[in-house]
Every structure is written in C-alpha cells, then in structure tokens.
Amino acid sequence: MKYLLTLCMAALAAVPAAAQELDGAFTAKLFTSKGTVKYLKAGAAGWVTVKAPYLLEAGDSIWTGRKAKAEIYIKYGAKVRLGPKTHFVLTKVSPQDNSVQVLKGRLQAWIRKFTGRGFSVRTPSAVCAVRGTVFAVEVAETGGTVWDLFSGAIQVSDSSNRT
C-alpha cells in the first residue's frame, strides 16, 4: 500500500509540469491512449476513433473500448486515467472549478490542491467534491458507484444530496 501511495503522489506531483508543457490555450488533452478510444464532440451526432494526442473542450466525451485505456490532462492541475469500457464527459474547466462525469466504467484521478479551486466528479448515483486528492471511481452498468480514496479527502453526496 505504501508503494501504491508513493506512485500516486509521484504522479500527482508530475501533473503541473506535464500540463505546463502543453499549449497554454488547451482546455484538456487526451495525452495517452491504448486500444480503441472514441471521441464525441459536444453537440455532434457521431463518435469518431481518435489517438493521443488529441485536444478536448468542455462538453466533449471520451469512450474507451473493451481493452482500452486513456489518460487526460485537464487544465488547472488535474490528471485522469480512464479504464476499459468507460464513458467520460468533460463538463466544466475553469480556474475556480473543474468537473467531469463518469457515466460508466473506471476513472482514477490526481488532483492538485489549490486554494479556491475545486474538482467534482458526477456519476449516475453520486457527486464527489475533491481538493488535493488521489482517488478512483467505478460506475457499474446499473449506475451504482464505488469510490476508492488513496490520499486526501473526498465528500460524496447521493442524488438526494445526502453526504
């Protein structure tokens, strides 16, 4: 467990350096991809297969295939890793608040802690608010959600806003 935590913290520390290497105007970037990864532009009708690197905007969706993985850097200090068969939506990116949706599948996230900046993950059955945290979320076909916390703190609320 200590080794896993060390790896998670090293990955979290690397987020700002990697993000600084990206174009300053980027919102988010599909940084690595393996297997079949599809992209749906906000407002578009059809999915297209993409390879990293690929720039994303708020409202865009990513879907990973059966044996696929993808890693996305989001402006303002966040990195997310998508597991196989994951449907991910980048919902908001701003200096004050980043938010994403995981409709199905698994997401791991490394979030840098900055005063006044939040990060939230919405699933079909819960919302998680985080700051300076390393965590994972898995959403089943039924919409049921499981959260794993590796470091930091999270606040999870259900659809009735019970925390």
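Given a Förster distance of 25 Å, report the FRET efficiency between T36 and V146 from their Cβ-Cβ distance, rounded to the nearest 0.05.
0.55
Relative to a virtual label point 7 Å from the Cα of A45 in the Cα→beta-carbon direction, which members of segment 65-87 show backbone nitrogen distances below 13 Å?
none
Accessible area, 1.4 Å probe, largest first: how do R117, R122, R162 sort?
Most to least solvent-accessible, the answer reads R162, R122, R117.
Extension gain S160-K92, at 0.36 nm per residue separation less the Cα-Cα distance, in nm?
Length difference between fully extended and current span is 22.3 nm.
Which Rg and Dmax, in Å, describe the Cα atoms of segment 36-163?
Both quantities, over Cα of segment 36-163: 13.9, 39 Å.
Roughly speaking, what is the stretch gain from S125 to A25, that is 0.36 nm per residue apart minus the C-alpha to C-alpha distance, in nm to one decimal?
32.7 nm is the gain from fully extending S125 to A25.
The values are calculated or read from the model by the stated rules, or taken from the named source; none is laboratory data. Predicted, not measured: the structure shown is a model, and the values here were computed from it. Glycine also receives a Cβ, built like all others from the backbone with ideal geometry; neighbour counts cover every protein chain displayed. Keep in mind that these areas ignore ligands, DNA and RNA; they rest on the heavy atoms of the full protein, side chains included. Shrake-Rupley method; radii C 1.70, N 1.55, O 1.52, S 1.80 Å.
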